[in-house]
Amino acid sequence: MKFIDSDTLEFQTFTGCSSGTTGGTGTVVIGYDFTISTETLTKNTYDLINTTMGSQTGYYATMTDKYFTSGGSTVAGSDTVKHTAFYPESSSVLWWQSLLSDKDSVTSQSMVTTKFE
């Protein structure tokens, strides 16, 4: 995940990862217009073994698919809007909720699924 500017976010997907620090091949980079709402959400966060890590406060957001890059070329995205939330823990750590199809799915979810450090 990489913030290009204040409202553009890129995700790169990987395959063949054997651990959190080794292996894997980068595949597609997807660029989104990222819009943060003023609406705050408070949820419990969980690690990968489903242990509660504590309550976090974060923000509802939308992500519009604008482009993707694969094999050295960039192609226009579908303009599909996805809904998500993020929960900053510090300036370098955040919890990220899965991309979902609608706002209600995000605000009614009971957990955050991924931690980025």
Problem set entry | For T80, T51, order by how many other beta-carbon atoms lie within 10 Å, fewest first | T51, T80
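Would you mind getting the Kirkwood hydrodynamic radius of segment 2-116 from its Cα pairs, rounded to one decimal in Å?
Values: mean 1/r = 0.0656 Å⁻¹.
Result for segment 2-116, one decimal place: 15.2 Å.
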Exercise. Per the Debye formula with a single identical scatterer at each Cα and no solvent contribution, what log10 I(q)/I(0) holds for segment 29-71 at q = 0.17 Å⁻¹?
Worked result: -0.70
For this session: Please compute the Cα-Cα pair-distance distribution of segment 60-117 with 5 Å bins starting at 0, giving whole percents from short to long.
Result: 4, 17, 21, 18, 17, 15, 6, 1
Seminar exercise, completed: Per-residue ellipticity at 222 nm attributable to helices in the chain (runs of n ≥ 4 DSSP H, -39500 (n - 2.57) apiece, nearest 500 deg cm²/dmol) works out to -1000 deg cm²/dmol
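Values quoted throughout were computed directly from the atomic coordinates according to the rules given, and no laboratory measurement underlies them. Computed from a prediction, not measured in an experiment: that's the story for all the values here. Heads up, the Cβs are rebuilt from the backbone with ideal geometry, glycines too, and the neighbour counts pull from every protein chain shown.
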